[in-house]
Amino acid sequence: MLPAHGGEELGVEAEPEPGLTIVGSYLSPYVRKVLACLHLKGLAYRIDPIVPFYGNEEFGRISPVRRVPVLIDEAVTLCDSTVICEYLEERHPRPHLLPASPPERARARWLEEYADTRMGEVFIWRLFNEVVIKRFVWGEPTDEAALARTLDTEIPAVLDHLER
């Protein structure tokens, strides 16, 4: 466990494999993506519930960009939710998380990338950051014009793309 958060272990689904730990907060959609992968594969894990953007020197060592999630496994320590999910898929190939056919797998990968990049940019950094993170983490006011642009233009465009 990393002593950076000062909290207890949470989220134990079953007896964890030695070293299978997810460092991150349930608040993060990227952490939740990894937890969904672990759940679908039936893998036991434990959570080290570090608060995003914080953490001690050890967290900076295992996550050079100081972002969650981080997977600590007996074989490797990995950052980035996509990399972690791909590793888990390769290490524990059953059940498969991706469709069988190459076109369907490619489409699933595109949707995952779209969710990580464009949806993450809009929903996390332009909406949640404006309403919650800036205010409660950094003590900064919400940029009301940016928030209105996000709500009126960017979110509808993201959702329209998904509907197509």
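Some notes on this structure:
- Residue check for Ile84: farther than 29 Å from Asp152 by Cβ, in contact (Cβ under 8 Å) with a residue 24 or more places away in the chain and not in a helix (DSSP H, G or I): no
- The listed residue being surrounded by fewer than 17 Cβ atoms within 10 Å (Cβ to Cβ), out of contact with any Leu (no Cβ under 8 Å at 6 or more places or on another chain) and more than 21 Å from Val158 (Cα to Cα), out of Arg107, Arg91: Arg91
- Which numbered condition Thr153 fails, given (1) under 21 Å from Thr82 (Cα atoms); (2) surrounded by 10 or more Cβ atoms within 10 Å (Cβ to Cβ): (1)
- Condition met for Val122 (closer than 25 Å to Pro156 by Cα, assigned by TED's automatic domain parsing to the domain that holds Val158 and either in contact with a helix residue (DSSP H, G or I) (Cβ under 6 Å, 6 or more places away or on another chain) or small (Gly, Ala, Ser) (or both)): yes
- Some residue of the stretch 47-70 being of a type in the set (D, E, K, R), farther than 23 Å from Glu113 by Cβ and in contact with a Pro (Cβ under 7 Å, 6 or more places away or on another chain): no
- When residues of the stretch 94-104 are limited to those that are surrounded by 11 or more Cβ atoms within 10 Å (Cβ to Cβ) and without any contact (Cβ under 8 Å) to a residue 40 or more places away in the chain, the one farthest from Ile155 (Cα to Cα): His96
- Subset of the stretch 135-163 (residues that are in a loop (DSSP other than H, G, I, E, B) and either in contact (Cβ under 8 Å) with a residue 24 or more places away in the chain or of a type in the set (Val, Ile, Thr) (or both)): Thr142
- Of the residues in the stretch 70-77, at least one is modelled with pLDDT of 95 or more and under 17 Å from Arg32 (Cβ atoms).
- In the set Val131, Val122, Val65, Val31, only one residue is assigned to a loop (DSSP other than H, G, I, E, B) and in contact (Cβ under 8 Å) with a residue 12 or more places away in the chain; that residue is Val65.
Yes or no, residue by residue, for (1) in the same structural domain as Ile155 (by TED's automatic domain parsing); (2) in contact with a helix residue (DSSP H, G or I) (Cβ under 9 Å, 6 or more places away or on another chain); (3) among the β-branched types (Val, Ile, Thr):
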{"residue": "Tyr30", "(1), (2), (3)": "no, yes, no"}
{"residue": "Lys33", "(1), (2), (3)": "no, yes, no"}
{"residue": "Cys37", "(1), (2), (3)": "no, yes, no"}
{"residue": "Asn56", "(1), (2), (3)": "no, no, no"}
{"residue": "Ile62", "(1), (2), (3)": "no, no, yes"}
{"residue": "Val68", "(1), (2), (3)": "no, yes, yes"}
{"residue": "Ile84", "(1), (2), (3)": "no, yes, yes"}
{"residue": "His96", "(1), (2), (3)": "no, yes, no"}
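The values are calculated or read from the model by the stated rules, or taken from the named source; none is laboratory data. All values reported here derive from a predicted model rather than from experimental measurement. Ideal geometry is used to build each Cβ from the backbone, glycine not excepted, and the neighbour counts take in all protein chains shown.
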